[in-house]
Structure formats: structure tokens, C-alpha cells
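The next block holds one structure in the form of C-alpha cells; read it before the comments.
Coordinate-derived values only; no laboratory data. Being a predicted model, the structure only gives us computed values, none of them experimental. Here the Cβ is made from the backbone with ideal geometry for all residues, glycine too, and neighbour counts use every protein chain on show.
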Amino acid sequence: MTRIIAGAAGSLSLEVPESGTRPTSDRVRESVFGSLDASGAIAGARVLDLYAGSGALGLEALSRGAASVDLVEKSPRAASVIERNAGRVRHAVGGAYRVHRTAADAYLAAPHEPYELVFIDPPYDLGEDDLAQTLRLLVPSLAPDAIVVAERAARSPEPALPAGLTLARHRRYGDTAIWWLRCAPSVADADDHPRDESQSR
């Protein structure tokens, strides 16, 4: 089991699929969402959770005031878990959600209304070329000031970014790395070099 950390559904328990997924730890989610809350990136946002697993990332955003969340998961068993978790969260907070039982790239191949906040938490064994392809397909579905939060193993290289995305910062939590990506136009006057906030614990 895992839980919603904060917001209207705070402390609500969530199911985790028995196998095939790797839930983001509470410590990592707490840090990521603390930063997102501080920057005003969640309230009213349209959110996309790719490789959703239990749905914990997208549903955490819904609990904290996101307008809607699309949860994409190709595993039928995991998608059923997401449906149950999302029903519990919606009962507590309202908000709109949709669960899409399909692969991430297949979902992104179709046109979508722009998302302001995207979570990408693929299996650590997903190849870097495959991740680069997913990011390339994602770009047309992003709002101009969108934030993309990608989770990888700490040993993974920096993601290969397509035109339209730029690296804003990188932080490591033990064996987990979080890469913060932004649409290129929104960071045109930012520092030339992203901040590395690596932590060794």
C-alpha cells in the first residue's frame, strides 16, 4: 500500500499492483510535490501521468487541486488498480480523471488538449532510445509553460531531449533521479546550465 500525502485526500491509502510496477517512494513524492506546490504548478492544471502504475503521482496532483488527470497504463491489472484508486480519490475530492488502458506512445500518437503538468515514471529497464521517443511524441501535447517530471534510476544518463524540451534541473534521492523538464520557450532567459541538486543518501 501507498498513500496520498497531502491535499483534500491526504492520508488516503492506495492499492499498489502486485507486480510489474515500481511506486515512487513517499519521500520522493513529498519533495517533488512540495516544489510543484511552491511554484503554483498544480492548482487548476491539466495533468498527464504516463506509465501510471498505481496512479499515485497523478492522483496526488488531483488531491492537491489539479483540474483533471489522464492516467495511462498498458497493464490491464495495473489499470484496474488505478480505477479503484481514482474512484476513492474522486469520492474524497471530486475532480475529473480518465484511465487509458494503452501504451504511452500509442496514447501520445493521438492529438490531445495541452497538458500543463506531466509525470513520466517508466520502468527503469526502459531503454534510453525508447524514452527519447516518448518525449518526442509528448511535445505536441504540452502547454507553452508545461512542466515534465521524469523519474529514472540514479545511474541513468541524462535523457536525450527532443526539440521543444529543455532540462531545468536534476535531483537525486538515493537510487532515484528526478529530471525536471520545461518547454524550451519558457526557459529562454534562464541560466545556461541546469542546476544539479544531487543528494547522496
Student exercise, the chain dipole from Lys, Arg, Asp, Glu Cβ charges, in Debye to nearest 20: 580 debye
What residues have an amide H closer than 5 Å to that of Arg169, excluding those fewer than 5 places away on the same chain, when H is modeled at 1.01 Å from N in the peptide plane? Trp180
Taking Tyr124, Tyr107 and counting other C-beta atoms within 10 Å, the order from fewest to most: Tyr124, Tyr107
So how tilted is helix 26-38 from the main axis of the chain? Cα-based, degrees 0 to 90, rounded to 10. 70 degrees
DSSP beta bridge pairing in the chain, given as percent antiparallel to the nearest 5: 45 percent
